[in-house]
Amino acid sequence: MTDRFISLLAMGGTISTAAAEDGAVPTRSADELAATLAGQTGIRVLPRDIERISSPAVTPLHMWELACAVREEIDGGAAGIVITHGTDTMEETTYALALLLETPVPVVLTGAMRPPHAPGHDGPGNLAAALATASEPGMAAYGPVVVQQDEVHAARWVTKLFSTRIAAFASPAAGPVALVSEGRVVPLLGPPPAIDRLGSVAPPTRRVELLWVAAGMDSLLVDALPDAVDALVVAGTGGGHVPPALARGLIDVVRGGRPVVLSSRCAAGEVLRSTYGGEGSERHLLSSGLVSAGSLSPLKARLRLLFGLSAGLEVDPIFAPEVV
């Protein structure tokens with residue numbers, strides 16, 4: 001037996017559910033999840049309950065509190081961290097941790113697509129693969145990662161691509177950074193070149209909303225933007241484009257003193273800088289004060305803006321070219 005230990009932090013989600021008359025709900029504790037790993041490794045697993053909620057209930061404040069718990073475990077000597085979490089918002093929590101944490105040890109999130117009482121439950125296999133990843137010191141350089149179906153995905157690129165399939169997660173822009181085979185990690189790619197961590201971090205206190213662009217949209221919703229909204233992320237079409245009528249409203253928001261960040265609703269790729277002209281093009285929007293999210297997805301751009309503004313950072317350095 002070694003003195004090294006892995007901390008298992010449980011947030012809830014499908015992996016922790018039990019059957020009920022009105023549907024599966026999170027009930028299993030971190031101790032119960034850790035018990036499924038008994039005898040699989042010589043490394044001790046120390047369980048800790050953080051939340052017992054479904055992932056749609058996870059908020060940025062939960063993400064902040066989870067980041068604080070991860071820091072506590074690292075300071076307490078953990079050689080790695082495994083976090084069990086619902087899959088619906090796992091990519092968002094993973095990226096929030098990348099914004100908020102330094103990772104001198106591996107930090108791994110995992111979960112399940114099928115509940116424990118369903119045929120072919122994938123939770124135990126995902127948890128074992130996550131433990132193997134968290135036990136590999138070299139994975140610390142990748143920042144927080146998602147491990148599902150024996151694939152390791154970086155926070156910057158990972159997304160839940162399918163709503164019900166067991167192999168639900170993918171990284172369309174790059175693919176997995178590693179595989180887990182026979183209990184060991186097989187690297188495929190080096191760590192992402194960009195550093196996601198913000199220069200300053202603080203609890204989330206700002207409100208940032210996300211607007212998804214569709215054909216024919218005008219500025220009706222933007223014109224009615226409540227004063228309580230501090231900033232806006234726009235998921236534009238293609239390389240960062242919006243209908244002309246919507247463009248006028250977004251520019252008015254910027255001129256009124258609230259940041260607007262332009263991202264793309266596409267699954268991969270980045271916001272263009274200087275290819276297209278005309279009203280609603282990326283050239284028009286960026287020259288009018290909108291800020292590019294680069295290659296970040298709309299969901300992750302929202303979190304970056306939310307936590308960055310909450311920490312007192314200005315929008316331009318939050319989305320400096322070298323980090324997006």
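Values quoted throughout were computed directly from the atomic coordinates according to the rules given, and no laboratory measurement underlies them. Bear in mind that the values here come from a model prediction, so they are computed numbers and not experimental data. Backbone-built Cβ (ideal geometry, glycine too); neighbour counts: all protein chains shown.
Descriptive notes on the structure:
- Across the stretch 119-124, rounded Karplus estimates of 3J(HN,Hα) from the backbone phi angles (6.51 cos²θ - 1.76 cosθ + 1.60, θ = phi - 60°) give x, x, 3, 9, x, x Hz, Gly and Pro being marked x.
- Along each principal axis, Cα extent of the chain, largest first, Å: 64, 44, 33
- Cα pair count fraction exceeding 26 Å, expressed as % - the stretch 5-187: 19
- Projecting the Cα positions of Pro137, Ser288, Ala194 onto the charge dipole of the chain (unit charges on Cβ atoms of Lys, Arg, Asp and Glu, taken about the Cα centre) puts Ser288 furthest along the positive direction.
- Based on the reciprocal of the average 1/r between different C-alpha atoms, the Kirkwood radius for the stretch 208-318 equals 13.5 Å.
- Working note: Karplus 6.51/-1.76/1.60 with θ = phi - 60° gives the stretch 66-75 the couplings 5, 4, 4, 5, 4, 4, 4, 5, 5, 5 Hz, where Gly and Pro are set to x.
- Distant-in-sequence amide H partners of Val145 (H built 1.01 Å from N, under 5 Å): Val107, Val108, Leu109
- Each Lys and Arg adds +1 at its Cβ and each Asp and Glu adds -1 at its Cβ; summed about the Cα centre, the chain shows a dipole of about 400 debye.
- Report summary: the helix-based calculation at 222 nm, which adds -39500 (n - 2.57) for every DSSP H run with n ≥ 4 and divides by the residues of the chain, gives -7500 deg cm²/dmol.
- Amide H partners (placed H, <5 Å) of Asp122, local residues excluded: Met113, Arg114
- Placing one equal scatterer on every Cα of the stretch 34-74 and applying the Debye formula, the log10 ratio I(q)/I(0) at q = 0.24, 0.32, 0.33 Å⁻¹ is -0.89, -1.08, -1.11.
- In order through the stretch 142-153: 3J(HN,Hα) via Karplus (6.51 cos²θ - 1.76 cosθ + 1.60), integer Hz, x for Gly, Pro: 7, x, x, 10, 9, 10, 9, 6, 6, 10, 10, 10
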